[in-house]
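The values are calculated or read from the model by the stated rules, or taken from the named source; none is laboratory data. Just so you know, these numbers come straight off a predicted model, no measurement behind them. Using ideal geometry, Cβ is built from the backbone for each residue, glycine included, and neighbour counts are taken over all protein chains shown.
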Amino acid sequence: MSFASPLAFYFLLLTIPVIVLYILKVRLRREPVSTNMFWSQIYDEKPPRSIWRYLKHLLSLLLQLLFLLLLVAAIADPYFLWQLKQSRRVVLVVDNSASMQAMEKDGNSRFDLAIEKGLDLVEGLRERDEMAIIVAEARPRVAIGMSGHAPTLRRTLQALQVSDQPTTVTPAVDLGRQLIGEHPHGEVVVLTDGCLPGSTFETVETPPTKSPGSEAPETNDSETTPDRETTLRNRYLVVGSPQSNVGITQLQLRRSLVDPTGYEVLVKVLNASDRPVDCRLELELNGSPVDVLPLELEPNEEWTRSLEKTSVEGGELTAMLTQIKASDVEEESTSVSTDDARTPKTLNGLKIDDRAWAILPPKKIQKVLIVTSGNLFLQKVFEANPLVDVTLMNHFPDPWPRDSLIVLHGEVPETLPEGDLFVIDPATDCDLWSIGPVLENPIVTELNAESRLMTHVRLDNVLVPKAEKIDFHTEATPLASTISGDLIYARLTNGAGRLLVLNVDLEESDLAFRTTFPIMVTNALGWYAGQTGDLNLALRTGEITNVSFERDQLKGNELKLFGPDGSIQEIPLLDAKQENSDSNRPIAEEGSSPSAGNDRESNSVTLGPFARAGVWKLEVDPQNPLAEYAVNLSNAEESDLRPAEELGSQEPLQSLAGFFTRPLWFYLALAASLLFLIEWFLYQRRIIA
């Protein structure tokens, strides 16, 4: 046996004053009396005892000395050597993923059951054992490091909350092994519902340990530390029962590439059960019904559909699963919400995947000023777009409008106006280029496929006769060029605005008769307006994203991210990454900033990981929103509430504790308290003096 605080034995010196006080003779007080007759008689009957005769009754002294000895031993904190050699490091991995929200028949969620199991394991820790708690979120997080303080471990467990993120048990287990290190007796205990896609369920057995109190042989360190692969083990404690579930596994939308007011919706629904299910999918845009689709899903079927709708305003699109029922599901195995008819009704209580969200960006009316001597094809291709307000002029205006996209056809002024310009078939020189000779048989061979301006654009068979060579005085990004390298379609920077140059004679070329021409114009309008027909991707829970914005968009030094659960995260801009934009930056190509291409200071901030499903809003203030993000579970593995088959054959987890779940000093202090009560009882009964 060893002691953690051997200096505490100096308190045994207190035995000296205890013995002295016990045998010390009390000096009698002198008092004058009228006669000694009575006192002499008492003195003869009970003569005074000597000081050593007080030791005749040693029981009281022995009890007091034993009480002191027990207290001192408790302060010295004794422990056995086998307690050190057989102490364990336990890492508790708690699965708080979305599937842990599923409700069981007893009314508790799987996460509540996991926390109860975790509290039992904390109570089962022995003296010298240590435990750490890791949360298996999208990115594993250490809730508390190695600690043997049971109250702190209990408070940490009780403070954990279930999230909407997917499961990442394997990285959490690897992190737990790092916390255990080279400790000879390590164990990783995973509290989960068994829905662990992509996880490995290896269980490494531990050799039998010696019974508490047995003496360990004296050996060197290499002999006392067993091989780590024979001691480190993983245990999976599965909570909950297999359940059936139907959920939305994907919801994405984008603006239509053909219809300026249209949008396309991609939705997937999974029937993660062994029975056919009938349900209904409802789509709402800003609270107004868009479509209702009845679904008949076969067992384990994933239903996929692409829908086309129209909306100019845009907003928040919500998909909901309602009236989910299976004809051969027993009543007691189905948990159906009894709220109002708008509330999603689910099989067995997992509601997070019954809703999904997406953000549809609004379309704005663009003002377009066309300066041309007359071309019907050019006029009609802009007027065909319902989101464009076209104004025609046959001369240069004075002054140039600043709120319109200016389209110059043919002649251009010597100095181009500032702002957004679209120049088609330039016929004269200006400050940015010079017109050269006519190209001989130009054939378009090179297209910038990476540019959004060229999305779904093909010019390989387009005839461009009488195209003239243009010598640009500034750097130009080619979008379409000939085999000789001459530019047919190019992008430039015009001060604070943007500029496109299309070197095609619309009257001589057949471009105006091809479907690719309105596509080019539609792409250009979206590029100027900062809008695009690409996917407006909804994020998955647990993901991160970046947002870029101009510094002058802000009023203070921080942003606020408002969560769907009412939470508010303040994002200080002092940590934001400073970037200087130029004409060659992709941000100018993407059109995500109206002033991209200038030298204004911009910031990029990383947001996430998003822990809750719903719509998140990034704002400076409620009147100045910067961005909205739709976050969905969108995880077929999390929607499947049936545990992995590999976990079904594992042995049930036994209690961690053996003997001595409390330290020895606790038992010594308890014995001292009992001894004190015994001494008090004997004294009150006059058994001891």
For region 462-494, name all the residues that are more than 15 Å from Asn441 (Cβ to Cβ) and either among the aliphatic types (A, V, I, L, M) or part of a loop (DSSP other than H, G, I, E, B) (or both). Ile470, His473, Thr474, Glu475, Ala476, Leu479, Ala480, Leu487, Ala490, Leu492
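Here's the yes/no breakdown for (1) in contact with a His (Cβ under 8 Å, 6 or more places away or on another chain); (2) assigned by TED's automatic domain parsing to the domain that holds Arg514; (3) surrounded by 19 or more Cβ atoms within 10 Å (Cβ to Cβ):
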position	(1), (2), (3)
Ser404	no, yes, no
Gly410	no, yes, no
Ile424	yes, yes, yes
Val444	no, yes, yes
Filter pass, Thr322 being in a strand (DSSP E or B), at pLDDT below 90 and among the β-branched types (Val, Ile, Thr): yes
Among Gln41, Gln83, which is the only one that is modelled with pLDDT under 70 and outside any loop (DSSP other than H, G, I, E, B)? Gln83
Would you confirm whether any residue within region 491-504 is more than 41 Å from the chain's Cα centre (by Cα) and small (Gly, Ala, Ser)? yes
Please state which one of Val390, Val407 is within 19 Å of Ala512 (Cα to Cα), in contact with an Asp or Glu (Cβ under 6 Å, 6 or more places away or on another chain), of a type in the set (Val, Ile, Thr) and not in a loop (DSSP other than H, G, I, E, B). Val390
For region 153-174, how many residues are outside any helix (DSSP H, G or I) and among the aliphatic types (A, V, I, L, M)? 2
Selection within region 119-147 - over 28 Å from Leu633 (Cβ atoms), buried (at least 17 other Cβ atoms within 10 Å of the Cβ) and acidic (Asp, Glu): Glu127, Asp129, Glu130
Would you call Gln623 at pLDDT below 70 and in the same structural domain as Glu137 (by TED's automatic domain parsing)? no
Return the pair list, or none, for Cβ contacts closer than 8 Å from residues in region 392-409 that are without any contact (Cβ under 8 Å) to a residue 40 or more places away in the chain and within 17 Å of Trp527 (Cβ to Cβ) to residues that are among the acidic types (Asp, Glu) and surrounded by 11 or more Cβ atoms within 10 Å (Cβ to Cβ), at least 6 apart or on different chains. Ile406/Asp420
Pick from region 484-501 the residues that are modelled with pLDDT of 85 or more and among the β-branched types (Val, Ile, Thr): which of them is surrounded by the most Cβ atoms within 10 Å (Cβ to Cβ)? Ile488
Could we say that Thr428 is assigned to a loop (DSSP other than H, G, I, E, B), in contact with a Gly (Cβ under 9 Å, 6 or more places away or on another chain) and among the polar types (S, T, N, Q) here? yes
Count, please, the residues in region 240-271 that happen to be under 21 Å from Pro166 (Cα atoms), modelled with pLDDT of 90 or more and not polar (S, T, N, Q). 8
Have a look at Gly419, Gly374 and point out the one that is in a loop (DSSP other than H, G, I, E, B), crowded, with 18+ Cβ neighbours inside 10 Å and among the small types (Gly, Ala, Ser). Gly419
All positions within region 453-471 that are within 14 Å of Tyr489 (Cβ to Cβ) and surrounded by fewer than 16 Cβ atoms within 10 Å (Cβ to Cβ): Arg458, Asp460
